[in-house]
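The values are calculated or read from the model by the stated rules, or taken from the named source; none is laboratory data. This structure is a prediction, so every number in the text was calculated from the model and none was measured. Because the Cβ atoms are built from the backbone with ideal geometry, glycine has one as well, and the counts that use them run over all protein chains shown. Heads up: the accessible areas ignore ligands, DNA and RNA and are worked out on the full protein's heavy atoms, side chains in. Shrake-Rupley method; radii C 1.70, N 1.55, O 1.52, S 1.80 Å.
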Amino acid sequence: MSNQISSAVCKQSKSAEQYIVVLSCLSQPGIVSKVGAMLYQHGGNILEAHQFDDKGTGSFFMRMVFNLPEGGDLETLIADFRPIAESHDMRWEIRPRNERMRVLLMVSRRDHCLADLLRRWRMDELKMDIVGIVSNHPRSAFDYVNFADLPFHHLPVTRECKSTQEARIKEIISESRVELVILAGYTPIPSEDLASFLWGRCINIHHSFLPAFNGAKSQPQTPIRGVKFIGATAHYVTGELDEGPVIEQDVERVGHQDSLEELVRKARTIESRVLARAVASHLDGRTLISGATAVVFRDERLILDLQ
């Protein structure tokens, strides 16, 4: 009797686990049918489904969430999916939804986004494993931020040593098996070599609603230009400054009565919120890069939760 109960509990636990399949390829008839049929053959039950057919590029993007209520084997499913993926030349991934990505945070003196990410991580709002923090400033510059026992790497960057320090960053990423790098207010601009190394797995926060006001000093331009909204943009890093595929943006109304200090305070709040949403979308497999843009299958519940 106890064995039967144990088996039933194990099966119930396995059926409750959710999995994600994300893919992109050239748009062709029958892709959704083939993927759905393959999941059905393995006892898969589709819980969420999103797709986008990009008429401009001829590319197709899809994300599904499914479970295996009959206790199917994920490894067998992945092995059987591989021929379908190869026949359509897909970029694809199938993984448990609760699998936590290994994340490296990088920061300079503007540490409000870092502090916000650490808070959300501790509250389990962002389901990730932080494996280290890199900064071009010493740890003493962050005495009021609780890093706990997270590894801290102080890598000062000057023009003369930038390539050496970027080589060290690559080593840290490889040694720590980092899957996502977050530039949470990191000011040294990555070289084309480092940006290429991090393609598709590095998110930056920019304190402006791109493409307007690019560069490092966007807020002082705001009162001069008399704008009525300020914003923030989270995007993937590329070799071109602030030109990467946009993941998330937000704005807030401002007016002539706002001082520069008030604008900066409001901007910090928006930046933290936008970066958290972008990271959450990436962690949940909701973002797929398409050339200079990002396809983002938004979850409005996630947007509301990460205020």
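Just checking, which of S281, S272, S259 is farther than 30 Å from N98 by Cα and either exposed (fewer than 15 other Cβ atoms within 10 Å of the Cβ) or touching a helix residue (DSSP H, G or I) at 6+ places or on another chain (Cβ under 9 Å) (or both)?
It is S259.
Could you say whether any residue in the range 67-78 is part of a helix (DSSP H, G or I), in contact with a strand residue (DSSP E or B) (Cβ under 7 Å, 6 or more places away or on another chain) and within 27 Å of I130 (Cβ to Cβ)?
yes
Yes or no: the range 146-164 includes at least one residue that is charged (D, E, K, R), in a loop (DSSP other than H, G, I, E, B), under 30 Å from I46 (Cβ atoms) and at pLDDT below 95.
Within the range 146-164 (the criterion being charged (D, E, K, R), in a loop (DSSP other than H, G, I, E, B), under 30 Å from I46 (Cβ atoms) and at pLDDT below 95), the answer is no, since none of the residues qualifies.
Going through the range 79-134 one residue at a time, which ones are open to solvent by less than 60 Å² (accessible area, probe 1.4 Å), in a strand (DSSP E or B), under 25 Å from N204 (Cβ atoms) and touching an Asp or Glu at 6+ places or on another chain (Cβ under 8 Å)?
Scanning the range 79-134 gives M101, V103.
Report every pair of residues separated by at least 6 positions or lying on different chains whose Cβ atoms are under 9 Å apart, first residue within the range 66-83 and on the phi > 0 side of the Ramachandran plot, second open to solvent by less than 70 Å² (accessible area, probe 1.4 Å).
Qualifying pairs under 9 Å: G71/S15; G71/G43.
Are any residues in the range 188-242 aliphatic (A, V, I, L, M), open to solvent by less than 30 Å² (accessible area, probe 1.4 Å), at pLDDT 60 or above and in a loop (DSSP other than H, G, I, E, B), and if so, which ones?
Passing the criteria: L198, V237.
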